[in-house]
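First comes the structure, then the notes that go with it.
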Amino acid sequence: MNLGVQYYRAPFPESKYWENDFKAIKEAGLDTVQLWVLWAWVESKPDNFNYDDYDRLIEIADRNNLKVVLSTIAEIQPHWIHRVVPDSEMIDHLGHKVISSLRCECNFGLTPGGCTDNPQVWERMAQFIRKTGERYAKLDHLHGWDIWNELRWNVQADNLVCFCPHTLKEFHLWLDQQYSGLEGLNAAWKRRYICWEDVAPGKLPDRPYTEMMAWQHFITERANRHAARRYAVMKAIDQVHPVTAHGACPSADYRGWTKDYPIDRGNDWVLAETLDGIGCSSFPQWSGIDDAEFGSRVEMVKSAANGKKVWLSEVQGGRAAVGFNIYGKVEAAPQQRWIWNGLACGADTILFWCWRDEVFGRESAGFGLSGRDGLAPRRLEAMRFTGKLLAEKAEIFNHYTPDSAEIGILFTPQNYYLAWAQEGDGKRMGDAINGYARSLVRQSIPYCFLEEQHLNYLQHLKLIILPRSIVLNDYQTERLSVFVQNGGTLLVESECGAFGSEGFYRYPEDRFLARFGIVEAGRRNLETDSITLKLDEELSLDIEQWITPLEDSANVPAQVFSTFNGQALAAEFKVGQGRIVYLGSYFGNPYLEKCNPDFESFIQKISTLAGVEPAIEVVSPLPTRDEFIYVKSGHSKGKLVTYLFFPGDDCTAKLKFSPELLPGNTKLTELMSNQTIALINGIATIKPARFKMAILSEE
């Protein structure tokens, strides 16, 4: 476990602060500093690389026994780029050259700069990465590389990009490969193109879905490829240290808007196949992210990492600042919970943004862990406690691995592409995923995320939830069919697989579920905003958008939970050795907006139906609309480690551990207080030790 802080975004902080700051960073319990190595700053003159300030910072870090993470900020391009590489500008969707400018929070350098599909721009960028690697790869105290900060490439492009000739050429090559030539594309798209030059990318929402979805998919793949190229340059020089990248948020939370396509910064699952690890930024107080959402963000990244490193590369250090606004306080206890939540979910490196308050532009007077918001002394005292505990219990924390899940939530980028093609963002799709995730977190039921092209983990799962999965292709439907036939449970919502990847609507009888005799009758207007499901008790669940009852399915064994005009609206169907639970509307979105205990009860019942029995149960207190006990667990060297996050200091939790997990006579140690907790009939009674938390380790 590494705990560090971002320090330098040239030329700030100024050099007069460096010596004292690095000493204070070490005294605060931190062990790592992150430095932004900016291309524009280092190579302000073509082919002349000046690393003097970084050399000194790295030397000061070494003297203070601090490791360094070097972030190669190649997306902040030199001011000479367009002179040295003529016509290298990006082209927006209106055909205009993008005029680059200094970035709003960075003092020197252009963004978005030249298009990296231009070979000369890429070679210039690769040279910077190569030179940086050659200079620092052999450092004894180098912790690793963040090769691409927040996966940014189009900041301040002012419009949708890039439509330059180099990128369009790459688009056509990608389509050619995807469809095995123009004839294959015509067959799939149902077109009659006679040459690639006629195949134009999608332009704006509310036009034909086909080319718009393809163009967005290509833009995602373009970012994946670019990350792989950056990685390859650095890895050719440094085979020892991890080379990672991180997004501003997990790819499943990157929904797009008017000037950005969804997931245009790359797909974490694909990125992780190449990189040594993947991460994300999180500013919980600024963004209103609570324990549940923070945990979900890390879970998304960990699921994508698939066993590789998980870095939380920017976690909020102090009060946020944007212009002349003032935002909420960053108190010590919640901040420490972010650290332990990240560790509990599987992160191995946490880096705060940043040490000092920023002094440039819109971020001035903000974000400093040691900043001047009046709370720094308490934050640093708490950080010292955490740093000391991590060091003292290193044998436990350094070998900790979160327990595996038996429930998966499917993330389908194609859904986001379709939603953007019509509505200009993928918010509905992202909220649906987060709604189901939040329900599981609040009930402390382990889960993971699956991505539509990375389904190898299916064999380890018992239940797969498909929130708003209206786009499915043949690969996904075949894998899901085998899963359910072999005994798995699928929970699907309205119009599952109603569209293919080319954006064409399928009639109900042509969809995935129809092969099992489950056929929707069609969309019906909402007459109410909730429906009642009858299981072993009646549950009232909120719904939105429309309902889709089923056609007569008398020939398919079913247990009907709810009806509409005599037709099944929610039901369980036996399929092979498994089952499909069908919900004829959308449930995750309204739950995310308004926490509904009945929805949580439904998810718990379906989990039990699928054979998922969590090894740790929160006996009390049970979740309320506003408060819940959040539990994460894993093992370290074969011993159970359990993290509890309480809603308040005066709360007492009772946890029931299954006999298979812990024998009845087991004793637990609370690591923050070193108190011993005994199990009585498998139940442990725990109170918060510090930061409204407790960390239990099996003795």
statement: Expected output for region 307-330 (first residue in contact (Cβ under 8 Å) with a residue 40 or more places away in the chain, partner in a strand (DSSP E or B) and charged (D, E, K, R), Cβ below 7 Å, 6+ apart or cross-chain) is Ser313/Asp146
field: Of all residues making up region 365-379, the number that are touching a residue at least 12 places away in the same chain (Cβ under 8 Å) and either in a helix (DSSP H, G or I) or within 13 Å of Cys354 (Cβ to Cβ) (or both)
entry: 10
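Taking the condition surrounded by 20 or more Cβ atoms within 10 Å (Cβ to Cβ) and more than 23 Å from Leu461 (Cβ to Cβ), does Gly638 pass? Lay out the reasoning, then the answer.
Working: surrounded by 20 or more Cβ atoms within 10 Å (Cβ to Cβ): no; more than 23 Å from Leu461 (Cβ to Cβ): yes.
When the stated conditions are applied, Gly638 does not pass them.
Residue by residue through region 192-202, note down the ones that are surrounded by 14 or more Cβ atoms within 10 Å (Cβ to Cβ) and either assigned by TED's automatic domain parsing to the domain that holds Trp269 or not aliphatic (A, V, I, L, M) (or both). Show your work before the answer.
Looking only at region 192-202, we keep the residues that are surrounded by 14 or more Cβ atoms within 10 Å (Cβ to Cβ), and these are 193, 196, 199, 201-202.
Tyr193, Trp196, Pro201, Gly202 - these are the residues of region 192-202 that are surrounded by 14 or more Cβ atoms within 10 Å (Cβ to Cβ) and either assigned by TED's automatic domain parsing to the domain that holds Trp269 or not aliphatic (A, V, I, L, M) (or both).
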- prompt: When region 404-429 is examined, which residues are found to be under 19 Å from Asn341 (Cα atoms) and either over 26 Å from the mean Cα position of the chain (by Cα) or surrounded by fewer than 17 Cβ atoms within 10 Å (Cβ to Cβ) (or both)?
  reply: Ser404
message: For a quick check of your reading: which strands (runs of 3 or more DSSP E) sit entirely within region 540-589 and have at least 2 residues that are β-branched (Val, Ile, Thr), touching a residue at least 24 places away in the same chain (Cβ under 8 Å) and in the same structural domain as Ser494 (by TED's automatic domain parsing)?
response: 578-583
- request: Those residues that are surrounded by fewer than 24 Cβ atoms within 10 Å (Cβ to Cβ) and either outside the structural domain of His246 (by TED's automatic domain parsing) or of a type in the set (D, E, K, R) (or both), I need them from region 61-77; list them, please.
  value: Asp62, Arg63, Lys67
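If I ask for residues that are of a type in the set (Gly, Ala, Ser) and crowded, with 24+ Cβ neighbours inside 10 Å, which ones from region 110-141 would you list?
Kept after step one, since they are of a type in the set (Gly, Ala, Ser), are these residues of region 110-141: 113-114, 126, 133, 137.
Within region 110-141, Gly113, Gly114 qualify.
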- line: Flagged in region 124-182 as under 24 Å from Tyr193 (Cβ atoms) and charged (D, E, K, R), in numbering order, are Lys169, Glu170, Asp176
query: Quick one: is Met213 closer than 25 Å to Ser469 by Cβ, touching a residue at least 60 places away in the same chain (Cβ under 8 Å) and not in a loop (DSSP other than H, G, I, E, B)?
result: yes
- prompt: Restricting attention to region 600-618, which residues are modelled with pLDDT of 95 or more, among the hydrophobic types (A, V, I, L, M, F, W, C) and over 24 Å from the mean Cα position of the chain (by Cα)?
  reply: Phe602, Ile606, Leu609, Ala610, Val612, Ile616, Val618
query: So which of Ala365, Ala347, Ala320 is of a type outside the set (S, T, N, Q) and over 28 Å from Phe108 (Cβ atoms)?
result: Ala347
- prompt: Restricting region 245-302 to residues that are assigned to a loop (DSSP other than H, G, I, E, B) and among the charged types (D, E, K, R), which is farthest from the chain's Cα centre (by Cα)?
  reply: Lys259
Filtered residues of region 496-523 (kept if assigned to a loop (DSSP other than H, G, I, E, B), surrounded by 15 or more Cβ atoms within 10 Å (Cβ to Cβ), of a type in the set (Gly, Ala, Ser) and at pLDDT 95 or above): Gly497, Ala498, Gly500, Ser501, Gly503, Ala521
Close pairs from region 382-394: first free of Cβ contacts under 8 Å to residues at least 24 places away in the same chain and within 15 Å of Ile25 (Cβ to Cβ), partner part of a helix (DSSP H, G or I) and of a type in the set (Lys, Arg), Cβ under 6 Å, at least 6 apart: none
statement: Those residues of region 590-642 which are touching a helix residue (DSSP H, G or I) at 6+ places or on another chain (Cβ under 6 Å) and not assigned by TED's automatic domain parsing to the domain that holds Val519 amount to Pro623, Phe628, Tyr630, Lys632, Ser636
task: Output the number of residues of region 564-596 satisfying the condition of being within 24 Å of Gly648 (Cα to Cα) and surrounded by fewer than 16 Cβ atoms within 10 Å (Cβ to Cβ).
output: 2
task: Collect the residues in region 353-379 that are in contact with an Asp or Glu (Cβ under 8 Å, 6 or more places away or on another chain) and hydrophobic (A, V, I, L, M, F, W, C), keeping them in residue-number order.
output: Trp353, Trp355, Phe360, Ala365, Phe367, Leu375
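Tally the residues that are assigned to a strand (DSSP E or B) and in contact with a helix residue (DSSP H, G or I) (Cβ under 6 Å, 6 or more places away or on another chain), restricting the search to region 464-479. Full working, then the answer.
Initial filter on region 464-479 (assigned to a strand (DSSP E or B)): 464-466, 471.
From what is left, the residues that are in contact with a helix residue (DSSP H, G or I) (Cβ under 6 Å, 6 or more places away or on another chain) are 465, 471.
Count: 2.
Considering region 391-403 alone, what residues qualify as being within 25 Å of the chain's Cα centre (by Cα) and buried (at least 19 other Cβ atoms within 10 Å of the Cβ)?
Restricting attention to region 391-403, the residues satisfying the condition of being within 25 Å of the chain's Cα centre (by Cα) are 397-403.
Those that are within 25 Å of the chain's Cα centre (by Cα) and buried (at least 19 other Cβ atoms within 10 Å of the Cβ): Phe397, Tyr400, Pro402.
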Neighbours by Cβ (under 9 Å, 6+ apart or cross-chain): first from region 659-678, among the basic types (Lys, Arg); second in a loop (DSSP other than H, G, I, E, B): Lys667/Leu679; Lys667/Glu699
task: Mind listing just one residue for me: the one in region 468-509 that is among the polar types (S, T, N, Q) and without any contact (Cβ under 8 Å) to a residue 40 or more places away in the chain and, of those, farthest from Ala571 (Cα to Cα)?
output: Thr477
Check on Thr386, surrounded by fewer than 21 Cβ atoms within 10 Å (Cβ to Cβ) and within 25 Å of Lys308 (Cα to Cα): no
message: Condition first: more than 18 Å from Cys106 (Cβ to Cβ) and in a strand (DSSP E or B). Can you find one or more residues in region 31-38 that meet it?
response: yes
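The values are calculated or read from the model by the stated rules, or taken from the named source; none is laboratory data. None of these values were measured; they are calculated from a predicted model. Positions of Cβ are generated from backbone atoms using ideal geometry, with glycine treated the same way; all protein chains shown enter the neighbour counts.
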